[in-house]
1. Give me the pairs: first residue in region 93-112 and near ligand 1 (Cβ under 10 Å from one of its atoms), second residue among the small types (Gly, Ala, Ser), beta-carbon distance under 9 Å, and six or more apart or on different chains, which are they?
2. How about region 211-243: which of its residues are of a type in the set (Ser, Thr, Tyr) and farther than 14 Å from Leu326 by Cβ?
3. When Glu206 is evaluated against the numbered criteria (1) acidic (Asp, Glu); (2) within 18 Å of the chain's Cα centre (by Cα); (3) part of a helix (DSSP H, G or I), which criterion, by number, is the only one it fails?
4. Among the residues of region 254-313, what is the count of those that are of a type in the set (Gly, Ala, Ser) and modelled with pLDDT of 95 or more?
5. Criterion first (farther than 15 Å from Phe390 by Cβ, part of a loop (DSSP other than H, G, I, E, B) and not assigned by TED's automatic domain parsing to the domain that holds Glu279) does Ser175 satisfy it?
6. Hey, among the residues in region 336-351 that are buried (at least 19 other Cβ atoms within 10 Å of the Cβ) and of a type outside the set (A, V, I, L, M, F, W, C), which one's modelled with the highest pLDDT?
7. Any chance you could count how many residues in region 192-203 are part of a helix (DSSP H, G or I), out of contact with any helix residue (DSSP H, G or I) (no Cβ under 7 Å at 6 or more places or on another chain) and modelled with pLDDT of 95 or more?
8. Scanning for something of a type outside the set (S, T, N, Q), at pLDDT 95 or above and buried (at least 19 other Cβ atoms within 10 Å of the Cβ), does region 164-175 turn up at least one residue?
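The values are calculated or read from the model by the stated rules, or taken from the named source; none is laboratory data. Keep in mind that what you see is a predicted model, and the values were worked out from it rather than measured. We place every Cβ from the backbone using ideal geometry, glycine too, and count neighbours over all the protein chains shown.
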Amino acid sequence: MASQIPALPQSFAPGTDSVFSDQSGFYSLDANVPGLSKVILNKLNMTDYGEYRAALEGKAKGIQFQNYKELFQKMEETFKFCTSCNKLPEHLTEGQTLKRCVKCLNVYYCTKDCQKKDWPQHKKVCKMLRLVAVDRLVEWLMFAGDLPISTEKWSKPTAEVRNWDNWLPMQVDLSPRLDTIISGSNMSTLWKNATRPRPDDTDLKESLWRIQSEFLSRVLTVGMAVQQYSLNPYAKPLTIHLAGASHNETMGARLTDFDELNKMFPEHQGIEIVMVGPEVVNSPIMRPPLTAFGPRKRVYISAYKGLYHQFWEDVLEKGKAAKPDLVVGFHPGFHANQGLVEGWLPTLLLLRDYDIPSFFTMYSELELKYSLQILLELEMHIKDSGPNPFASQKPEQVQACPNKTPVYCNSHYIRFQGLLPQEEPVPDL
Ligand SMILES: [Zn+2]
Ligand SMILES: [Zn+2]
């Protein structure tokens, strides 16, 4: 039996052959701005990629900062390079400094000329990048405990809540709750130490909502997949696997992270969420999956660190986990490079051959297009695909290419199950 967790690379070497999506992310950083991945590791007080992973997993001395000012400064410095010519701070000549665009306070230029040259592209995203930079800081409140805010009971039948516009009016207390965070002590700590002035309260409120929407997007997307497959959580307990779960879903995860499903399906028979992926990091949800029916009216979350097909062989097939009614994958990213496709291939074939209802999300329409191509090559039966009505509202900058159109978590989805049915040959006359 192969080891469940692929070995960590010993030193930082960007590559396209890794099952760790953040390592290939590092690779794409370097492809655009040579040396940027090294800068990020330096700012985080790390020497190589292995240490970065160890820190994400809470094992290493890793990310330790003297104070918040240092934390926010280091974070900001990872964005410091000339957006026009890609020069990093160490490539500047004496007396030269990188200067920020005064409008977005997000991108840098080495000279006025570089800025001028870049403006035709940058002006299309400058406004949006201002929001991105604010969100990047406000997101810290997720780790400080102010977010996510609790939500209210659903006042409408689940079938009538099809998008954010249907969901939001049910949250009558949302605004005062956001106000409490805005006047809270974490918020003032943040802006006392941040690398930009405090935005006004309206801006902050919108930013808090965008970050909350990213968190909720995951739960509501899972609920939507349950409905689209006509799975009935009132008839029997449901087991849902999140294949390829990463640090995005598991860092600082709480046992209550999917409780919105209790509001979506009140009085359900029990919903189990198992997060499985090589990038799963330690948190209270790191516990074995259920083998018997879960507690009614409750969502039970557990996590397993390893590739999904290995989890299937080592845990599920040995009777230590229930077979899934649904498998969801948030941004599997297998369109990005060969290594990721190879990492995902056994899982994709397993999902296909066991005829598992599957639902994967993507960051953009382009990613959707490439992912569809790969799934079609595997002769998957695509049931449906398109924009996700519960996409995250928080724009995300493509770090090494700030002028690229920002992307959104769960912005698109593909629903697929089993093998593509063979065309019946036309019978002879
Ligand atoms: Zn430049
Ligand atoms: Zn700008």
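1. As it stands, the answer is Tyr109/Ser84; Cys110/Ser84; Thr111/Ser84, since those pairs meet every condition given.
2. Within region 211-243, the first condition is being of a type in the set (Ser, Thr, Tyr), and the residues that meet it are 213, 217, 221, 229-230, 234, 239.
Correct list: Ser213, Ser217, Tyr234.
3. (2)
4. Going through region 254-313 one residue at a time, the tally reaches 3.
5. When the stated conditions are applied, Ser175 does not pass them.
6. Applying the first criterion (buried (at least 19 other Cβ atoms within 10 Å of the Cβ)) to region 336-351 yields 336, 339-340, 343-344, 347-348, 351.
Keeping just the survivors that are of a type outside the set (A, V, I, L, M, F, W, C) gives 339, 343, 347.
Numbers: Gly339: 77, Gly343: 86, Thr347: 96.
Going through the qualifying residues, I end up with Thr347.
7. 1
8. yes
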